[in-house]
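Following: one structure in C-alpha cells, then a few remarks.
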Amino acid sequence: MGLFSFIKNAGAAIGIGKSEAEEAAEAAEATIAANEAAAKKMIETASTLGLVVEGMQVIISGDTATVSGLAADQATREKVILVVGNTEGIAQVDDQLEVEVQEPEATFYTVKKGDYLSKISKSVYGDAMKYEIIFEANKPMLTHPDKIYPGQVLRIPAL
C-alpha cells in the first residue's frame with residue numbers, strides 16, 4: 001500500500017485530465033476573456049464620466065492597454081488615458097488616440113505618500129492656492145480635492 005508516482009502526460013490518453021497544451025489554451029482563453037471584459041469596463045467608465053471618444057477601443061495585453069479613437073480635445077484625451085492607466089493591473093497605456101482640436105499637452109504627476117493637491121500645486125506652480133486648477137483638470141475622476149491616493153496619476157495643465 002502507498003502512493004505511487006507517475007509522469008502525468010506519458011501514459012495512454014483515455015480522456016482523464018487535460019494535457020498541458022489544453023490547460024494552457026484554456027488559461028489563454030480565460031485571460032483574453034478577462035482582458036476583453038476589463039477593456040469594455042474602461043470604455044463604459046470613460047463614457048459614464050462624460051469622456052466621449054469617437055470609435056474608442058481598448059486592447060489589453062499583459063499590463064499594457066492600447067487606447068485608440070478620436071477625442072474632441074486634448075483634455076478628453078488625457079483624461080481617458082488616466083481612466084485607463086489608473087486601473088488596477090495596468091502599468092502602461094499605449095496612447096493611439098487622435099485629437100480633433102490640438103491644444104498644449106498637460107504633464108502627468110504620480111501622487112506620492114503624503115501628497116495633497118496644494119502641496120503638488122506649490123511644487124509645480126510655485127503657489128499652493130492653485131490646487132483648484134489641478135482639481136478642475138482632473139474632474140470628473142476626482143470628486144473631492146482631498147481624495148487622492150499614492151500611485152494615482154493626475155493631469156497637471158500648463159498655466
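Read the figures in this text as sums done on the coordinates, not as results from a lab. The shown structure was predicted, so the numbers you read here are calculated from the model rather than taken from an experiment. Virtual Cβ from ideal backbone geometry, glycine too; neighbours counted across all protein chains shown.
Cut-off 12 Å, label point 7 angstrom out along Cα-to-Cβ of D73: give me the residues of region 93-128 whose amide nitrogen falls inside. Counting backbone N atoms under 12 Å from the label point, the list is 100-104. Bridgeable lysines around K139 (alpha carbons under 16 Å apart, same-chain partners fewer than 8 residues away excluded): K79, K130, K147.
At 0.36 nm per residue, and after removing the present C-alpha to C-alpha distance, how many nm does the segment from E103 to E26 gain when stretched out fully?
Value of the extension gain: 23.2 nm.
Max-minus-min Cα coordinates of the chain on each principal axis give 78, 38, 21 Å, with the largest extent listed first. Rounded to the nearest 10 degrees, the inclination of helix 20-48 to the longest alpha-carbon principal axis of the chain is 20 degrees. Note on the chain: with a GNM built from Cα contacts shorter than 10 Å, the maximum mean-square fluctuation among V124, V53, V93 falls on V124. Per-residue Karplus couplings for region 103-117, computed as 6.51 cos²θ - 1.76 cosθ + 1.60 with θ equal to phi - 60°, are listed in order as 9, x, 7, 7, 9, 10, 10, 9, 5, 10, 4, x, 6, 8, 4 Hz, Gly and Pro entered as x. Dividing the Cα radius of gyration of region 106-159 by its Kirkwood radius returns 0.90 for Rg/Rh. DSSP finds beta bridges in the chain, and of those with both partners inside it, around 55 percent are antiparallel. Extension gain, E136 to A34: 0.36 nm times the residue separation minus the Cα-Cα distance gives 33.4 nm. Short version: ³J(HN,Hα) in whole Hz for each residue of region 144-151, in order, from phi by Karplus 6.51 cos²θ - 1.76 cosθ + 1.60 (θ = phi - 60°), x for Gly and Pro, what are they? With the stated coefficients, region 144-151 comes to 8, x, 8, 9, 10, 9, x, x Hz.
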